[in-house]
Amino acid sequence: MTANEQYMIDTWRASQQGAPMPPPPGRDDVAVLRSLRTYEQARAVMDGRSGRHPWRAALRRIFVRPQAS
């Protein structure tokens with residue numbers, strides 16, 4: 001059963017019982033990923049590491065040309 005099919009069944013059941021409708025599938029996915037990123041950044045700072053993502057620094061070193069002084 002897909003998430004959409006389960007959502008339709010839950011919506012029908014909620015309407016029959018007078019309960020609040022369930023959230024649609026995938027509605028909060030971006031918010032969950034953002035909160036996970038924030039949590040990992042906070043853990044890094046508490047452990048004494050940089051709060052910035054290491055991949056960003058690596059990609060910046062690869063793709064950004066150094067400026068001539």
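The values are calculated or read from the model by the stated rules, or taken from the named source; none is laboratory data. Quick caveat: nothing in here was measured; it's all calculated off a predicted structure. Virtual Cβ from ideal backbone geometry, glycine too; neighbours counted across all protein chains shown. Calculation scope for accessible area: heavy atoms of the full protein, side chains included, ligands and nucleic acids excluded. Shrake-Rupley method; radii C 1.70, N 1.55, O 1.52, S 1.80 Å.
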Inset, instruction - Among Leu33, Asn4, Gly18, pick out the residue whose Cα is farthest towards the positive end of the charge dipole of the chain, where Lys and Arg carry +1 and Asp and Glu carry -1 on C-beta, about the Cα centre. - result: Leu33
Legend entry - the chain, helix-only ellipticity at 222 nm - DSSP H runs n ≥ 4, -39,500 (n - 2.57), divided by all residues, nearest 500: -20000 deg cm²/dmol
Legend entry - Helix 29-46 axis, angle to the chain major axis (alpha carbon atoms, nearest 10°): 40
Inset, instruction - Please give the per residue accessible area of the chain, computed with a probe of 1.4 Å over protein heavy atoms only, in Å². - result: 95
Inset, instruction - Measure nothing fancy, just the Cα-based angle from helix 54-63's long axis to the longest principal axis of the chain, in degrees from 0 to 90, nearest 10. - result: 60
Legend entry - Cα-based convex hull volume of the chain per residue, rounded to whole Å³: 167
Inset, instruction - Sort Tyr7, Tyr39 from largest to smallest accessible area, using a 1.4 Å probe on the heavy atoms of the protein chains. - result: Tyr39, Tyr7
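Based on Cβ point charges of +1 for Lys and Arg and -1 for Asp and Glu, what charge dipole magnitude is obtained for the chain about its Cα centre, in debye rounded to the nearest 20?
It works out to roughly 680 debye.
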